[in-house]
Amino acid sequence: MGANIFLQAHVDGGSQEIPTKDVLDCFSGFIAAQEDTFIEVVFANDDSCTIFMDTTASTIDSLMVSRPCSEDVLGPCLFRVMKLGNFVLFAPGLDGFIASNEEVIGHMPDGMAEDLGEARIASDLASFMRALTEPLVLQ
């Protein structure tokens, strides 16, 4: 994964608000620190990363993972987040994005899918992990 990855939720071209508690629950058991603007997650193998989001808001529509750790520990948590709404996962400089199903693409703002490149549909954890770990083409 790149230096930062982003997840955004959309509905009908706008933001889709997801309960913050539900997003935090996706990282349950791994949150080592929580502040107003981020959580620090640490996994059993000492892999860690920082996830920026407004933890004080009742809902959020996006988050950013800084310094993503290994996909095999972080990936399942991100997949749980993806299933909470119409999330897309993308990283700057990569030609492609991940969505949990085809319908998510229809909820993205006009032109976003075209700007991000190839859509990788990942409806289950195995396909999500493949999409997350297979290299995307650098632009």
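What the table shows:
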| read-out | value |
| --- | --- |
| Per-q log10 I(q)/I(0), the chain, q = 0.10, 0.17 Å⁻¹ (Debye; single scatterer per alpha-carbon; no solvent) | -0.29, -0.90 |
| Rounded to whole Hz, the Karplus (6.51, -1.76, 1.60) HN-Hα couplings of region 33-45, x for glycine and proline | 8, 9, 10, 5, 10, 6, 10, 10, 10, 10, 9, 3, 8 |
| Within the chain, helix-based [θ] at 222 nm, where runs of 4 or more DSSP H residues each add -39,500 (n - 2.57), nearest 500 | -7000 deg cm²/dmol |
| Gain in span if fully extended, K83 to F52, counting 0.36 nm per residue against the direct Cα distance | 9.3 nm |
| Net charge dipole size for the chain [Lys, Arg +1 and Asp, Glu -1 on Cβ; Debye, nearest 20] | 260 debye |
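We did not get these values from a lab; they are worked out from the coordinates using the rules stated. Since this is a predicted model, take the numbers as computed values, not measurements. Heads up, the Cβs are rebuilt from the backbone with ideal geometry, glycines too, and the neighbour counts pull from every protein chain shown.
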